[in-house]
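Reviewing the structure listed below.
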Amino acid sequence: MSNHYDLLFALIEERNRKENPPCVQLLHESYASLQDLNDALEEKCDAAEKENLDLRQQLKAAESDGKGSSKNEIKLREKIHDLQDQLREKTQKNSDLSNQELENGKEISKLKELIVSHTDEISALKAEKKSADNDLKTMQSRLKMAEHTSFVAEKHYLAFKEEMKTLQDENIVLKSENTELVNRLVSEKEKMMIQLSEVNESHEKLNNEVIMLRSLLAQEQERSRKENSMVNSLASNIEYDQSKSERRWGSNGVVVPTTPLHTIKSAHSSEITSTRYHSGGRNILATASSDSSVKLWDTQSGRIMSTLRGNASQSMMGVDIGGELIIGCSVDKTCRVWNMRTERMIHLLTGHASKITCCRLLPDTKSVVTGSADRSLRLWDINRKTYNQTTTLRHGSTPNCIELSSDSTTVISGHLDGGLRFWDLRSASRVSEMKSLHESGVTSVMCSPIDGTKILTNGRDSILRIIDVRKDEVVQKFSHTGFRSTFNWSSSSWSPDGKFVGAGSGSSGDIFIWNVNSNKLTKQLKSHTAPVVCLAWGQGGSNGQQVSSVDKEGTIVLWA
C-alpha cells in the first residue's frame with residue numbers, strides 16, 4: 001500500500017513540476033531541504049537528550065554510591081553543561097527553522113495565490129488569443145477574398161481600358177473617314193453644282209435655239225400656207241390630239257405571260273429587293289438590290305443599260321423610274337436621285353432617322369415620297385438645284401410600301417402592323433385608315449390602272465386583297481396553297497387593263513396569275529429556282545414586254 005502512495009506522490013510531484021512555474025519548484029525544493037534539516041536536528045536533539053539523560057542517571061548513580069571521584073563528577077557536570085548548551089542552541093536553531101518554515105509556508109501560500117491569479121490571467125489571455133486567432137483567420141479570409149476581387153476587378157479594368165482604347169481608335173478612324181467623306185461630299189456637290197450650272201446654261205442655249213427654230217418653222221409654215229391653199233385647208237380640218245394618239249398598253253395590248261422571254265442570271269450579286277418598269281412606257285426595267293446598286297435593263301434584248309451605285313454594303317430597298325429620273329432608297333437613311341441620261345446623282349435626300357423602306361416618284365418627276373422605319377413619310381421637292389423637304393407625315397408603324405392615287409394628291413401606305421393609311425398631301429394629314437387589313441404586315445399596295453376606287457394589296461399572310469375604297473371593305477381575295485409572301489417587300493401587280501393580278505411565291509418560286517372577273521387562277525408559271533421577291537406588270541414598250549419577276553438569288557425573268 002505504501003508503494004502505491006509513494007508512486008502516487010511521485011506522479012503528483014512530476015505533474016507539479018510540469019505545471020508549476022520554476023520559482024514554485026525552487027520554493028518546494030527549499031522547503032524540502034529545510035524539512036530534512038529540521039528532521040536531522042530533531043534526531044540530534046533526541047540523541048543529545050538521551051545522552052543527557054544517561055549522564056544524569058550516571059551522576060545520580062555516582063552520588064548514591066559515593067564512589068565516584070570529584071574529578072569525574074566535575075567532568076560529567078561540565079559535559080552535561082556543554083550538552084545542555086548544545087541542546088539549547090539546537091532548540092533555538094530548531095525554533096528558528098520552525099519560524100523560517102512558517103514564513104516559507106506563508107510565502108508559498110502567497111505564491112500559490114499569485115499562481116492562481118496568474119493562471120486566471122493566462123486563461124483569459126489564452127481566450128483572448130484564441131478569439132484574436134479566429135479574428136485573424138476571418139480577416140485573412142476576407143483579405144484573400146478582397147485580393148481576389150481586386151485581381152478580378154483589375155483584369156476587368158484592364159480589359160475595359162483596352163476596349164475603350166480600341167473604341168477610341170475606331171472613333172478616331174471613323175471621325176477621319178467621316179471628315180473625308182464630308183469633304184468629298186462637299187467637293188462632289190460643288191462639282192455637281194458647276195455641272196448643273198453648265199447644263200442649265202446649255203439648256204437655256206438650246207431653248208433659245210428651239211425658239212429661233214420654231215420661229216423659222218412658223219415663217220416657213222406661213223409661206224407654205226400661202227403657196228398651197230388646199231394643203232392649208234386640209235391642215236385646218238385636222239385635229240391632232242396627242243393624248244389620243246399615245247399608246248395605252250404597248251403595241252400588242254395586254255399580254256398575259258406564258259413563257260420566259262429572257263432569263264438574266266446573276267443580274268445582281270445578291271437578293272433583288274424591288275423592280276419597276278418606266279412609268280412612261282419605255283423599254284426600260286429598273287431593279288434595286290442588297291448589293292447596294294440600282295440597274296437599268298433593256299426589255300427588248302435583256303441587256304444591262306446602266307449601273308448606279310449607292311453606299312457600299314448598304315442595301316437598296318426601293319426603286320422608281322419616270323421621265324429622265326431614277327430614284328433609289330437605302331438602309332443608310334438616304335434616297336438618291338439620278339439623271340438617267342448622264343447617270344449622275346443630282347440629289348441625295350437626307351433627313352430620315354432610320355432606314356428608308358420605300359420610295360415613289362410623282363408623275364411630274366418634280367417630287368419624291370419616301371417611307372422610313374422611323375415611322376414617317378416625307379415629301380421632297382427636287383425641282384430645284386437644291387432639294388427641299390416640304391412635308392412630314394407621322395404614324396405609329398413602319399411603312400413597307402407606298403402608292404400614289406391617280407391625281408397624285410393622295411398617298412396610300414401599307415404598314416408592318418397590317419393596316420393601310422391614306423394621306424392628303426395638300427393638307428399634310430391622314431384622311432382615312434384601314435386597320436388589321438392583313439394578319440401580318442402589308443408588303444405591297446397598288447391602285448387599279450382602270451378604276452381608281454380599287455386597290456390591290458399583298459401581305460405576309462400570303463393573301464392578295466382587292467379593296468373598294470368607297471365601301472372601305474375587301475371585295476375580293478386571291479390565295480393558293482403554293483403561294484407564300486415571305487418578304488416585307490414582296491410585291492404584286494395589276495395588269496394594265498385591270499383584268500388580272502399577279503404575284504410571285506417566296507416558297508416555290510412560281511408565278512401566279514389570277515383572273516379578277518372569275519376570281520380563279522389563270523396561270524401558274526415555273527422558271528425561278530429561288531424564292532420570288534417581286535413581280536412588276538408594266539404598260540409594255542414598243543416590244544410589248546410587260547411582266548418581269550425577280551428572285552432572292554439575283555435572277556431576273558422577263559416574260560412573254
Checklist entry - Among the residues of the range 339-358, is there at least one that is in the same structural domain as Thr287 (by TED's automatic domain parsing), surrounded by 21 or more Cβ atoms within 10 Å (Cβ to Cβ) and charged (D, E, K, R)? => result no
Next on the checklist: I'd like to check something: does the range 272-294 contain any residue that is touching a strand residue (DSSP E or B) at 6+ places or on another chain (Cβ under 9 Å), at pLDDT below 95 and of a type in the set (Gly, Ala, Ser)?
Outcome noted: yes
Checklist entry - Looking at this structure, is Ser372 among the hydroxyl-bearing types (Ser, Thr, Tyr), farther than 26 Å from Thr453 by Cβ and buried (at least 17 other Cβ atoms within 10 Å of the Cβ)? => result yes
Next on the checklist: Anything in the range 508-528 that is buried (at least 16 other Cβ atoms within 10 Å of the Cβ) and more than 18 Å from Ile556 (Cα to Cα)? List them, or say none.
Outcome noted: Trp514, Asn515, Val516, Lys523
Checklist entry - Residues in the range 306-322: is at least one more than 22 Å from Glu271 (Cβ to Cβ) and part of a strand (DSSP E or B)? => result yes
Next on the checklist: Just to check your reading of the model, which residue among Glu19, Glu49, Glu42 is at pLDDT below 65 and either closer than 30 Å to Ser123 by Cα or surrounded by 11 or more Cβ atoms within 10 Å (Cβ to Cβ) (or both)?
Outcome noted: Glu19
Next on the checklist: Condition first: surrounded by fewer than 21 Cβ atoms within 10 Å (Cβ to Cβ) and either in contact (Cβ under 8 Å) with a residue 40 or more places away in the chain or charged (D, E, K, R) (or both). Now tell me which residues in the range 312-321 satisfy that.
Outcome noted: Ser315
Checklist entry - Of (1) in a strand (DSSP E or B); (2) of a type outside the set (Gly, Ala, Ser); (3) under 24 Å from Ser490 (Cβ atoms), Asp374 satisfies all except one. Which? => result (1)
Next on the checklist: I'd like the full set of residues that are surrounded by fewer than 21 Cβ atoms within 10 Å (Cβ to Cβ) and either over 17 Å from Ile272 (Cα atoms) or touching a helix residue (DSSP H, G or I) at 6+ places or on another chain (Cβ under 9 Å) (or both), limited to the range 487-507.
Outcome noted: Asp497, Gly498, Lys499
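The values are calculated or read from the model by the stated rules, or taken from the named source; none is laboratory data. Computed from a prediction, not measured in an experiment: that's the story for all the values here. Virtual Cβ from ideal backbone geometry, glycine too; neighbours counted across all protein chains shown.
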